[in-house]
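The values are calculated or read from the model by the stated rules, or taken from the named source; none is laboratory data. Since the model is a prediction, treat every value here as computed from it, not as a measurement. Ideal geometry is used to build each Cβ from the backbone, glycine not excepted, and the neighbour counts take in all protein chains shown. Surface areas here come from the heavy atoms of the whole protein model, side chains and all, with no ligands, DNA or RNA. Shrake-Rupley method; radii C 1.70, N 1.55, O 1.52, S 1.80 Å.
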Amino acid sequence: MTLTDAQSSWVALVAEVPRAAFIPDTIWVDDHCGDGLVALSKHTDPDGWHAAVSADAPVITQVNLGDVQPGQKGSFASSSASQPSIVVEMLHALDARPGQSVLEIGTGTGWNAALLSRCVGEHGRVVTIEVDPRLAQYARCALAHAGYDPLVITGDGLVGYSAGAPYDRMISTASIREVVPRAWLEQLRPGGRLVTPWGTDWSNGVMLTLTLAEDGVATGGFSGDVAFMRLRSQRRARYGWRPSDRDIERAQISTTACRGSDLDRMLNPEKGTFAIGARLASCCLVVEWDKHGALHHILELDDGATKSWAQLEANLNNPAPFTVRQLGPRKLWDEAEAAYDWWHEQGEPRLDRFGLRSRDGQQWIWLDEPDNVVRVVEPSGAGGGDLSGLAG
Ligand SMILES: C[S@@+](CC[C@H](N)C(=O)[O-])C[C@H]1O[C@@H](n2cnc3c(N)ncnc32)[C@H](O)[C@@H]1O
């Protein structure tokens, strides 16, 4: 990575606040059997621990929301210390200055809160929110031990922390699904900036950098690739729904003109993935590569809210058209193809041509300019903090 001067100053900051001091003695690593995550202890494997902690990679610090018995494997990561180069990229975008007030959502180990504290200095103020009480307590101790004293709040970061508002800067280290919570915008000072990982149901893993203007209109742009875990209440929200095998037998079967090259463009984050997610509402995608042998992939699309499901069987070894199965009121594969065609008609825009605007309680994704609406993600009056429809 080539660093600008500003980025270099953040890299120097990271060197001043060593990550290792915030990492617990037990971390979680891939078991390399595709079977899950196994515990790695600093005491029994110090070299492995140090190698993991000093690499430019995320370090998983909690699995299965902390609910694992000794000796058990974890099936998903529920907290981590983020990848240092991504941390630098996000801090650079945030541009927090000495004396400012900053709210962080997702305290995790406390490392990023320490970096922020260092950045805003003794006249600044950092509040950080962690939803998991055990993680919050761990971070409080690690921060105190390292000589930092941000306010660590145990709570749901979706509602921010109004007692400390307004904030000059806000940063989330957990990803949000499409909508910037209204509480965040209400607690940001006009002229303030917000940086958060952002995703749709189709794809997760871009960074949104948003500025709030004096008139209350917030406008931001996307950059990538920052794959973070979702905020807890949005984890697998509205997706992961699958009909019964009996229902699948009744699915409408068709073929598609889509070829392997189209699939590549639909699924490649460097190509159309972001745009399709931006265009297509509530359509979760799971791809099982090589499911039935090399180059024989299965894509499943679902919208649990309307009980709609689609499956594409793409056997790239076979010249026959791919088979599509669709079930429910929405024809999800047809919608995904329409979004792909739209992307092509727009000149195949990449991520940096898209943005998000919030005005009068309404939020939408735009292309090229804020008035060119791609999709409204939050109708006005819907209430940014109301996520009660999500599965959690
Ligand atoms: C990638 S980790 C954070 C990394 C952290 N900033 C660090 O420096 O170690 C994401 C964290 O967000 C927390 N989190 C998830 N949902 C949250 C919510 N609704 N409110 C506050 N924290 C949340 C998770 O428990 C997890 O610890």
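Using Cβ point charges alone (K and R +1, D and E -1), the dipole size of the range 1-155 about the Cα centre works out to roughly 360 debye.
For the chain, the share of accessible area belonging to carbon and sulfur comes to 50 percent (1.4 Å probe, ligands and nucleic acids excluded). Debye-formula intensities of the chain, expressed as log10 I(q)/I(0) at q = 0.06 Å⁻¹, are -0.25 (one equal scatterer per alpha-carbon, no solvent). Using a Gaussian network model of the chain in which every pair of alpha carbons under 10 angstrom is joined by a spring, one finds that among GLN346, GLN62, GLN362 the greatest mean-square fluctuation is at GLN346.
DSSP bridge analysis restricted to the chain gives an antiparallel fraction near 75%, rounded to the nearest 5. How tilted is helix 5-16 with respect to the longest principal axis of the chain? Cα atoms for both, answer in degrees (0 to 90, nearest 10). It works out to around 70 degrees. The calculated FRET efficiency for HIS43 paired with SER162, based on their beta-carbon distance and R0 = 51 Å, is about 0.75. Cα-based values for the range 245-345, radius of gyration first and Dmax second, are 13.0, 38 Å. The HN-Hα couplings worked out from phi for the range 308-325 by the Karplus form 6.51 cos²θ - 1.76 cosθ + 1.60 (θ = phi - 60°) are 10, 8, 8, 9, 10, 9, 10, 9, 6, 7, 10, x, 5, x, 5, 8, 10, 10 Hz, whole numbers, x standing for Gly and Pro.
Take the convex hull of the alpha carbons in the range 164-226; its mean projected area over all directions comes to 4.0 nm². Taking the helices alone, the chain has a mean residue ellipticity at 222 nm of -7000 deg cm²/dmol, built from -39,500 (n - 2.57) per DSSP H run of at least 4 residues and averaged over all its residues.
Largest mean-square fluctuation among ALA310, ALA20, ALA55, in a Gaussian network model of the chain whose springs join Cα atoms under 10 Å apart, belongs to ALA55. Here is the list for the range 288-369: chymotrypsin sites (Phe, Trp or Tyr not before Pro) lying in DSSP coil, each with at most 15 other C-beta atoms within 10 angstrom of its C-beta, are TRP289.
Segment THR154..VAL11, full-extension length gain: 48.6 nm, with 0.36 nm per residue of separation and the alpha-carbon distance subtracted.
Our coupling estimate for the range 282-294, obtained by passing each phi through the Karplus curve with A = 6.51, B = -1.76, C = 1.60 and θ = phi - 60°, is 6, 9, 7, 10, 10, 10, 10, 6, 6, 4, 10, x, 4 Hz, Gly and Pro reported as x. Pick from GLY71, GLY205, GLY240: which residue has the top mean-square fluctuation in a GNM of the chain where Cα pairs under 10 Å get a spring? Judging by the Gaussian network model, the answer is GLY71.
Within the chain, the longest run free of exposed loop sites, counting GluC sites (Glu not before Pro) that sit outside DSSP helix and strand states (H, G, I, E, B) and have at most 16 other Cβ atoms within 10 Å, spans 271-392.
The residues neighbouring GLY347, those whose beta-carbon lies less than 11 Å from its own, together hold a net charge of -1 under the Lys/Arg +1, Asp/Glu -1 convention.
Taken about its Cα centre, the range 5-81 carries a charge dipole of about 140 debye when Lys and Arg each add +1 at the Cβ and Asp and Glu each add -1 at the Cβ. Three principal axis extents of the range 157-282 based on alpha-carbon atoms, in descending order, are 55, 31, 24 Å.
Distance from the alpha carbon centroid of the range 196-257 to that of the range 147-175 works out to 23 angstrom. The length gained on full extension between ASN268 and LYS291, counted as 0.36 nm times the residue separation minus their Cα-Cα distance, comes to 6.4 nm. For a paramagnetic label modelled on ARG189 (point 7 Å from Cα along Cα→Cβ), amide N atoms under 16 Å away belong, within the range 200-218, to 211-216.
Solvent-accessible area per residue in the chain equals 45 Å², computed with a 1.4 angstrom probe and all protein chains kept.
Applying 0.36 nm per residue to the separation of ALA213 and GLU122 and subtracting their alpha-carbon distance, the gain on full extension is 30.0 nm. Take the Cα of GLN72, step 7 Å toward its Cβ, do the same at ASP341, and the gap between the two points is 4.9 nm.
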